[in-house]
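What follows draws every value from the coordinates through simple rules; no lab data is involved. Just so it is clear, the structure is predicted and the values come from calculations on it, not from any experiment. As a convention, Cβ positions derive from the backbone with ideal geometry for all residues, glycine included, and neighbour counts pool all protein chains shown.
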Amino acid sequence: MPRYVIHRDLGDITDAQLDAAAKESERLRLSDFPEIGWEHSHVVRVPGGLRSYCIYSAPDEQTIRAHAARAGLPVDHIREIHVDIVPDLLS
């Protein structure tokens, strides 16, 4: 199944709001979007608030966008992952 990086500009939200958004996203994924896999997310502070980079597996971008819309999450960019480069495999 294709894997994607989802870039989300979350704005100036609190850690409690971030936690609530993540829990709602996971609840919806499990109940309504079981075809999506959420591997992990990196959240960084940027001017203007928080930005996340989420790693998902999904059949297509439309499924990711539908899940995000239901969860009330922004989707600024979606890029399909071409390859993972892992240091342990470079020898």
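What list of ³J(HN,Hα) values in whole Hz, one per residue of segment 11-25 in order, does the Karplus curve 6.51 cos²θ - 1.76 cosθ + 1.60 (θ = phi - 60°) give from phi, with Gly and Pro shown as x?
Going residue by residue, I get x, 8, 10, 7, 5, 5, 5, 4, 4, 5, 5, 5, 5, 5, 4 Hz, with x marking Gly and Pro.
Treat each spin label as a single point 7 Å out from the Cα along the C-beta direction, and report the GLU35 to GLN62 distance in nm.
0.9
What is the magnitude of the charge dipole of segment 3-89 about its Cα centre, with +1 placed on the Cβ of each Lys and Arg, -1 on the Cβ of each Asp and Glu, and no other charges, expressed in debye to the nearest 20?
The calculated dipole for segment 3-89 is roughly 160 debye.
From zero outward in steps of 10 Å, how is the percent of C-alpha pairs of segment 50-91 spread across the bins?
21, 47, 21, 10, 1
Quote the convex hull volume per residue of the chain, based on C-alpha atoms, as a whole number of Å³.
Normalising the Cα hull of the chain by residue number yields 112 Å³.
Which value in nm describes the separation of the simple spin-label points at VAL5 and GLU80, placed 7 Å from the Cα toward the beta carbon?
Those two pseudo-labels are separated by 1.6 nm.
Report the full-extension gain for the segment GLU24 to ALA69: residue separation times 0.36 nm, less the Cα-Cα distance, to one decimal in nm.
15.0 nm
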